[in-house]
Amino acid sequence: MTSLLQDLQYALRMIRRNPGFTAVTVLTLALGIATSATVFGWVDAILLHPLPGVRQPDRLVALETTTPGGEFVTNSYPDYIDFRDRLKMLDGIAVTRPVAFSIGQEDHAERVWGELVSGNFFAVLGAQAELGRTFLPAEYGDKPGAFPVAVISDKFWRSHFGADPQIVGKTIKINQHALTIVGVAAEAFHGSVPGAAFDVWVPYMMQPVLNGVGEWMLRDRKNRNMLAIARLKPGVTLEQARQELAALAGRMAVLDADTNEGLSATFLPIAKSHFGPQSLLLAPLRLLMGVCVVVVLIVCANVANLLLTRATARYKEFSTRMALGAGRARLAQQVFVESFVLAAAACLVGVMAAQGMGRALVLLLPKGQLVMAVHQGVNGHVLLFAVLLCLLIALFTGLVPALHLERADLSERLNEAGRSGMTGARSHRMHSVLVAVEVSLALVALIGAGLFARSFAALSEINPGFNPNHVLLSQFYLSTNGYSLEQRKQFCIRLKEKLESAPGVKSVAYSDGVPLGFEPSWWEDLNVEGYTPGSSENMKIFRNVISPGYLSLLHIPLIDGRDFTEQDDANTNPVMIVNQAFVKRFFVGRNPVGRRIQGWGEWFTVVGVAQDSKYHYPGEAPLPYFYVPFRQIYRADMQLAYYVRTVGDPNGALAVVRQKVREIDPNVTVFDAVPLADYIGASLYPQKVAASMLTLLGALAVILAAVGLYSVMSYSVVQRTHEIGIRMALGARPQDVLRLIVRQGLVLAAVGVVVGCGLALAVARSLATLSFASSAMGTGGKLLGVSATDPLIYLGAALFLTGVAALAAYIPARRAAAVEPMEALRYE
């Protein structure tokens, strides 16, 4: 213990005496720790501990329905009741539906994300209230409108109520209805969707009141808009629960064949659920963690090089100490203590930096989407990760100089150090190996960044089949203002008339769903007249409910037939427009116009064929899709998106939209109004995260490799000053010395590039199969527009890194070329 304290004191003195060396070393290590801790914080919040503030989260699973085609879909309330009452291997099952509530009075309401949940929601999750209570067993029932209560989040309580300790029992205006606040959730709890933060929880039985929907929707098995989360009983395995669930779903598919035929269900770990941010970020986060490992290895090699340089510069000191009786283990201990002190300082700086860097994932989120819960500061898990990473880095970086000292004998050290302090061939080889490792790893990171950046660019350039430019998108929640279904329809018609007469507005339309957003398209079971589906064929087809002019506003061409008109209303025969992929699947060799299709219990006549476009993500293959008129099909549970095509910047139309809305009803608030081109960036969110962060990490890797090469070449120049003086005294020109040093640096870079290309090719297969979940329906898209072995990217990365290496070697080489021969000959 005494020797450790002595070494610690000595290490602190050495750090104070060498501020430049200390600053470079600590900053280098801090960069690696900060980036790794930041990404790990995201992984921890979204994948490892997705539901903080709940009891035994490892026993919670997501319940998802599966279609005959293998897609994962959400659940209906009647299905939930069957699952709740008949599954015996569960300690409970709850359902939730994320919604945007309107909180506050009419004239200054704000949009707040919350969840409509079953009464047993908090009991199943095991989430406690820090103030008041959660829902009581008496509030677990299935009686619509019977439970006007709410639980709010700790954050909302503090930001909107000033942490009022008397908040329990007070009312809150939600969707223009007064609900009683019965409790404040624990600070750690933010809801049931990994990565998303909610502020209000209301019993699902209040949906008919708050959203103005009919109670019949609670009994409609086709109304699938609920996420389900279950708790396994102690001792029950996931596979056992899956078998019981599959058996029950099979019986339900027979008993409720009109709605559930061909459907099944399964349990999934929460982090692998197909609904929520975690489904989008699973692949990018795994990839980023892999790249962080590369960055940490580069950092380790860099700092090991610096410590080796420092150790070899202290050969006289070590040789003298060994000559006086110090053992090899004692010297190795000193080196490790110094390494641990530097790593500890870097860990402190890195954790502080990670505290602010965590917001990067949130900043990349497109406008108008869910509030992310991934930036909660550095928690205990992240801090423990940073400490463990610090210990590993200290061990590795200290091991290199310690082993080097251990392998050299005393006489060799004295001979190598000598009068000039030169380190000999062994230490030079070790320096060279570490630099080559840095360059090779940097090339792997750079190639990965290039692949994903190019893939993201290719995806961004894909024609979505519609024109989002110069279009302002607004989303209204009229149900939150107490509007009936008929009043909503009239609001849409009046607002369209007012906007179309406004200056700068070219056209206006509205729809239920928005293409290429986070929210998936809804689907409907169809029966196509004259078409006999296969025994397991999925007839649940995605759709959109649109107004007349929607297709023309988005520049989606009609291939055949006509568009919807204002006359296509509830008093006329139902009509439908299908896309080209729909025609290819169901009307091969037949003219689709005039054909009949059954949906929602009615027969529709096809009046037009629209060109295929992208609905969920840019890289998707053509899929069947159909449109129905807003005036014929719009229901109370559907959303309302408004599109305004403008002459110039769509942001300029926001004031016009707000003005026209106020003219109709001053109590309606325009919460979301963003250019459609910005909004559809949600479909590229996973690729954007991967491309942006990989580019940043790739640049960091290149910088670290350049610093490593520069430090080695600079040290080599210092150590070879005497040799350089002799060369120049014998007639060598400055340009000869310059070429010599640069050539040595380029040789190291070339070795690293060759090894790096081999490593990059080794991981190319995994990159080629890496899939990103690109919609809440669980569909995925792979790297598009680029091969994982694209020679241009490999060549470009190799040339760029070689150029950086040449520059890193040129600077010390120029200094060497400027050496005065006489001064160099006197150099010690």
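The values are calculated or read from the model by the stated rules, or taken from the named source; none is laboratory data. Treat the numbers as computed from the prediction; the structure is a model and nothing was measured. We place every Cβ from the backbone using ideal geometry, glycine too, and count neighbours over all the protein chains shown. These accessible areas exclude ligands, DNA and RNA; they are computed on the full protein's heavy atoms, side chains included. Shrake-Rupley method; radii C 1.70, N 1.55, O 1.52, S 1.80 Å.
The one condition from (1) over 36 Å from the mean Cα position of the chain (by Cα); (2) in a strand (DSSP E or B) that ARG662 does not meet is (2). Of the residues making up the stretch 515-562, those that are on the phi > 0 side of the Ramachandran plot, buried (at least 19 other Cβ atoms within 10 Å of the Cβ) and more than 31 Å from the chain's Cα centre (by Cα) number 1.
Just to check your reading of the model, which residue among ALA123, ALA100 is part of a helix (DSSP H, G or I) and closer than 28 Å to ALA163 by Cβ?
ALA123
Within the stretch 209-233, the set of residues being touching a Pro at 6+ places or on another chain (Cβ under 7 Å) and crowded, with 18+ Cβ neighbours inside 10 Å comprises just one member, LEU218.
Among the conditions (1) out of contact with any Lys or Arg (no Cβ under 8 Å at 6 or more places or on another chain); (2) modelled with pLDDT of 85 or more; (3) part of a helix (DSSP H, G or I); (4) not aromatic (Phe, Trp, Tyr), the only one that GLY648 does not satisfy is (3).
Pairing each residue of the stretch 653-674 that is under 12 Å from SER474 (Cα atoms) with any residue that is open to solvent by 40 Å² or more (accessible area, probe 1.4 Å) and acidic (Asp, Glu), provided the two are 6+ apart or on different chains, yields C-beta distances under 8 Å for THR669/GLU110; PHE671/GLU110. Applying the criterion of being touching a residue at least 60 places away in the same chain (Cβ under 8 Å) and touching a Lys or Arg at 6+ places or on another chain (Cβ under 9 Å) to the residues of the stretch 612-622, the residue that is least open to solvent (accessible area, probe 1.4 Å) is GLU620. Within the stretch 137-168, restricting attention to residues that are more than 30 Å from TYR80 (Cα to Cα), in contact (Cβ under 8 Å) with a residue 24 or more places away in the chain and part of a loop (DSSP other than H, G, I, E, B), the residue that is least open to solvent (accessible area, probe 1.4 Å) is ILE167. Selection of the stretch 557-611 for residues being assigned to a loop (DSSP other than H, G, I, E, B), among the polar types (S, T, N, Q) and either in contact (Cβ under 8 Å) with a residue 12 or more places away in the chain or more than 27 Å from LYS496 (Cβ to Cβ) (or both) yields THR565, THR572, ASN573, ASN591, GLN611. Here LEU27, LEU12, LEU5, LEU48 are screened, and the one residue that is surrounded by fewer than 19 Cβ atoms within 10 Å (Cβ to Cβ) and within 21 Å of the chain's Cα centre (by Cα) is LEU48.
In this structure, SER427 does not qualify as at pLDDT 85 or above and open to solvent by less than 10 Å² (accessible area, probe 1.4 Å).
Residue count for the stretch 623-659 under the criterion of being open to solvent by 60 Å² or more (accessible area, probe 1.4 Å) and of a type in the set (S, T, N, Q): the result is 3. Within the stretch 536-556, which residues are closer than 22 Å to ILE680 by Cα and either among the hydrophobic types (A, V, I, L, M, F, W, C) or in a strand (DSSP E or B) (or both)? Within the stretch 536-556, ILE541, PHE542, ARG543, ASN544, VAL545, ILE546, LEU551, LEU553, LEU554, ILE556 qualify. The single condition among (1) without any contact (Cβ under 8 Å) to a residue 24 or more places away in the chain; (2) out of contact with any Ser or Thr (no Cβ under 9 Å at 6 or more places or on another chain) that ASN469 does not satisfy is (1). For the stretch 29-68, taking the residues that are assigned to a helix (DSSP H, G or I) and of a type in the set (Asp, Glu), the one that is modelled with the lowest pLDDT is identified as ASP44.
Please enumerate the residues belonging to the stretch 183-196 that are open to solvent by less than 10 Å² (accessible area, probe 1.4 Å) and at pLDDT 85 or above. Once the filter is applied, which keeps residues that are open to solvent by less than 10 Å² (accessible area, probe 1.4 Å) and at pLDDT 85 or above, the stretch 183-196 yields GLY183, VAL184, ALA185, PHE189, GLY191, VAL193, PRO194, ALA196.
What residue, among those in the stretch 127-136 that are among the small types (Gly, Ala, Ser) and under 21 Å from ALA373 (Cα atoms), is surrounded by the fewest Cβ atoms within 10 Å (Cβ to Cβ)? Residue satisfying both the conditions and the ranking: ALA129. Restricting the search to the stretch 234-246, which residues are of a type outside the set (Lys, Arg) and surrounded by 10 or more Cβ atoms within 10 Å (Cβ to Cβ)? If the condition is that a residue be of a type outside the set (Lys, Arg) and surrounded by 10 or more Cβ atoms within 10 Å (Cβ to Cβ), then VAL236, THR237, LEU238, GLN240, ALA241, GLN243, GLU244, LEU245, ALA246 are the ones that fit. Listed by position, the helices (runs of 4 or more DSSP H) contained in the stretch 181-266 that have at least 2 residues being within 30 Å of ASP164 (Cα to Cα) are 207-211.
When you check LEU370 against the structure, is it outside any helix (DSSP H, G or I) and modelled with pLDDT under 75, yes or no? Judged against the criteria, LEU370 is a match. Going through the stretch 250-266 one residue at a time, which ones are surrounded by fewer than 21 Cβ atoms within 10 Å (Cβ to Cβ) and in contact (Cβ under 8 Å) with a residue 24 or more places away in the chain? Within the stretch 250-266, ASP256, THR259, GLY262, SER264, THR266 qualify.
Take the conditions over 30 Å from THR35 (Cα atoms), more than 36 Å from the chain's Cα centre (by Cα) and modelled with pLDDT under 80 and apply them to ARG743. Does it pass?
no
The number of residues in the stretch 574-597 that are modelled with pLDDT of 95 or more and of a type in the set (S, T, N, Q) comes to 2.
Here are some residues: ARG86, ARG97. Which one is under 30 Å from THR669 (Cα atoms), open to solvent by 10 Å² or more (accessible area, probe 1.4 Å) and at pLDDT 90 or above?
Testing whether each residue is under 30 Å from THR669 (Cα atoms), open to solvent by 10 Å² or more (accessible area, probe 1.4 Å) and at pLDDT 90 or above leaves just ARG97.
The requirement of being open to solvent by 10 Å² or more (accessible area, probe 1.4 Å), of a type in the set (Val, Ile, Thr) and in a helix (DSSP H, G or I) is satisfied by THR695.
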